[in-house]
């Protein structure tokens, strides 16, 4: 899609925001090797690079393939960095070491860097673990980021609208997945945000992480469709659930319980709220309705350059929601023999509550009526 | 696609093959954390698990989501392992530590394990780096693996046949990509093997790793299409190059040079040959033809559960080709202003030479004539 119609992402202020966090540890240099963090910090989208962030400058080391792309991408987003090209891995390593010469305390991402790489840097640099420094800044999205996520939601909404009538024609799960991923691109997405889930029937719809297969969707099935799109590196995430044909009394009852729970979960989202309290809201309502052992996962997670990132709305979460977090609210009810339902929206957390980014209707598990011919 | 029509993969013998390699280091236990290695060893396809390989047994530790899937997948392929479920990360860690209790020398994959994980294991276990132990065994494919790769090649061949006539209709690069990935699935693929490349025109076709974009393909363009499919975890890889309209004399000449080079590269492949010699064959012919600075990458790489794996046919490679290696042969010629061509086949290395797995025609850069109406 045409990104020039969306607000820009505020890359230019990010290096200084991270420098403030570095000063408070304190570390004098940060070795950025996690490619998601590196993209967030610099705008560089290639597959291989290292960034060195210092108090007064930034250095980006990459390989020969990416010389012009690095310059172009950093230039477009207004990020100021010295770009150094190493044509071999030893050359790149040396460029990183040179950039950090004389720096006394260097933070590095021990949770994503391999041990082998860590050892090779540690032999020459005073590195120490500095986890989560960028992740914690990255979770709060600016207007440009939210606009991309919202645009990705539109692609998934549109593809699902196109595909839902197909469910009545007894397709295979894999066919529904294939059409959805194709149509998201036709609607402007760069691709799917993750492996689309189409889980159908008494056994597979009861699996929250079902792998799409050859099963033919049948009358009376519950069908869980979990689908998202990718725009400019940003993900969307949505789940809608259906019954093929007229819902049974039990199917309707379970859906109604779940919808009420999901709406309550959305209502619980607000800046300042503990993420685990959103989970607790959904979990306690489900238990009170008598479906406690039908809920097999936690209530949600952050979404951005990764499909799963901080904050996580789970019973053990220690995060507090912040204005600008983009999180899912996705309770589900699953039971082998029954099948399952999950209703998932993606929302931007605000001071007053949240803004729902996913727009596909969810008020009923019924498929839309086929067009009369 | 229906995998039961393909020969099975020989999982059952793998643990013992790795035990022989362990004994020669020597190490008494191997901690397998790389998910590609773990899949190769056990048949488990989930996203999170650790395998512990010992002289007399194997233990697979995974989380609650995967309890039934792990049992089913290992059972289907005949791999014998104790499956242990940890519901939290600390529980899983403890299960791994318990499985290795009393083992004096434990190899671990320092090139893929994060430093943070390494430190947590090293606090309790006598781990030491043991790189490439499984990778080296994994590169040689058995009949079941080659059959899956060949089936993936058929999906890409068929999708490209469907899509090539579209090039004459001036589509955008992204549209060609979208149709190819859709059609590979319609032809039975689980998905694309990697981000399909459609690189067109004087500037973009000159970039070996072009990102597909909005550019409209025009008359006179060179177009490079690099496309592969995925079947049961196994990748295919193929590139074909075209000219839109009648090739100019220069386009035809460059294509003819490249085709001759690529055929010579294929002829150089044989078990026992140094991988760098295949590269040298192509590189020296290109230089002799006067295009030395048009060749911007190395000649090929292994393909299997990863799209890029050992052996690499590059000037610095130390590998010798083995019977059962599956490798690409993919010289290319690129020049900004001209555009580019790459011709890539995927082959199985044999004692006598190689068997070409990719079948789409490559004898000419001309598009097929449009059907007369």
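Side notes on the structure shown:
- Verdict on residue A:188 being in contact (Cβ under 8 Å) with a residue 24 or more places away in the chain, in contact with a helix residue (DSSP H, G or I) (Cβ under 9 Å, 6 or more places away or on another chain), away from chain B (no Cβ under 14 Å) and at positive phi: no
- Screening residue A:281 on (1) surrounded by fewer than 18 Cβ atoms within 10 Å (Cβ to Cβ); (2) at pLDDT 95 or above; (3) assigned by TED's automatic domain parsing to the domain that holds residue A:237; (4) over 17 Å from the mean Cα position of the chain (by Cα) shows it passes everything except condition (1).
Okay, residues lined up against (1) within 25 Å of the chain's Cα centre (by Cα); (2) at positive phi; (3) in contact (Cβ under 8 Å) with a residue 24 or more places away in the chain:
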| residue | (1), (2), (3) |
| --- | --- |
| B:12 | yes, no, yes |
| B:25 | no, no, yes |
| B:28 | no, no, yes |
| B:33 | yes, no, yes |
| B:36 | yes, no, yes |
| B:42 | yes, no, yes |
| B:59 | no, no, yes |
| B:64 | no, no, no |
| B:67 | no, no, no |
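- Counting only residues that are part of a loop (DSSP other than H, G, I, E, B) and either buried (at least 22 other Cβ atoms within 10 Å of the Cβ) or in contact with a strand residue (DSSP E or B) (Cβ under 7 Å, 6 or more places away or on another chain) (or both), segment B:169-193 holds 4 of them.
- Flag for residue B:192 being over 25 Å from residue B:303 (Cα atoms) and assigned by TED's automatic domain parsing to the domain that holds residue B:311: no
- Breaking point among (1) under 23 Å from residue A:8 (Cα atoms); (2) crowded, with 20+ Cβ neighbours inside 10 Å, for residue A:50: (1)
- Of the criteria (1) part of a loop (DSSP other than H, G, I, E, B); (2) in contact with a helix residue (DSSP H, G or I) (Cβ under 9 Å, 6 or more places away or on another chain), which one residue A:271 fails: (2)
- The condition (being closer than 22 Å to residue A:42 by Cα and surrounded by fewer than 18 Cβ atoms within 10 Å (Cβ to Cβ)) is satisfied by just one residue among A:143, A:130: A:143.
- The conditions of being over 22 Å from residue A:32 (Cβ atoms) and under 28 Å from the mean Cα position of the chain (by Cα) are not met by residue A:136.
- Pairing each residue of segment B:292-307 that is outside any loop (DSSP other than H, G, I, E, B) with any residue that is surrounded by fewer than 18 Cβ atoms within 10 Å (Cβ to Cβ) and at pLDDT 95 or above, provided the two are 6+ apart or on different chains, yields C-beta distances under 7 Å for B:294/B:335; B:301/B:308.
- Residue count for segment A:212-230, restricted to those that are within 13 Å of another protein chain (Cβ to nearest Cβ) and within 23 Å of the chain's Cα centre (by Cα): 3
- Selection count, segment B:193-211, where residues are at the interface with another protein chain (Cβ under 9 Å from one of its Cβ atoms) and within 20 Å of residue A:196 (Cβ to Cβ): 1
- When restricted to residues that are assigned to a strand (DSSP E or B) and either surrounded by 24 or more Cβ atoms within 10 Å (Cβ to Cβ) or in contact with a strand residue (DSSP E or B) (Cβ under 9 Å, 6 or more places away or on another chain) (or both), segment A:319-362 contains 22.
- Helices (runs of 4 or more DSSP H) contained entirely in segment A:68-151, each with at least 2 residues that are away from chain B (no Cβ under 11 Å) and at pLDDT 95 or above: A:89-99, A:133-138
- Every residue from segment B:246-255 that is surrounded by 15 or more Cβ atoms within 10 Å (Cβ to Cβ) and part of a loop (DSSP other than H, G, I, E, B): B:247
- Any chance residue B:224 is in a strand (DSSP E or B) and out of contact with any helix residue (DSSP H, G or I) (no Cβ under 8 Å at 6 or more places or on another chain): yes
- When residue A:235 is tested against the conditions (1) more than 25 Å from residue B:179 (Cα to Cα); (2) more than 14 Å from chain B (Cβ to nearest Cβ), the lone failure is (1).
- Options A:346, A:321, A:305, A:296: the member that is at pLDDT below 95 and in contact with a helix residue (DSSP H, G or I) (Cβ under 9 Å, 6 or more places away or on another chain): A:296
The values are calculated or read from the model by the stated rules, or taken from the named source; none is laboratory data. The structure presented is a predicted model; accordingly, all values stated were derived computationally and were not measured. Because the Cβ atoms are built from the backbone with ideal geometry, glycine has one as well, and the counts that use them run over all protein chains shown.
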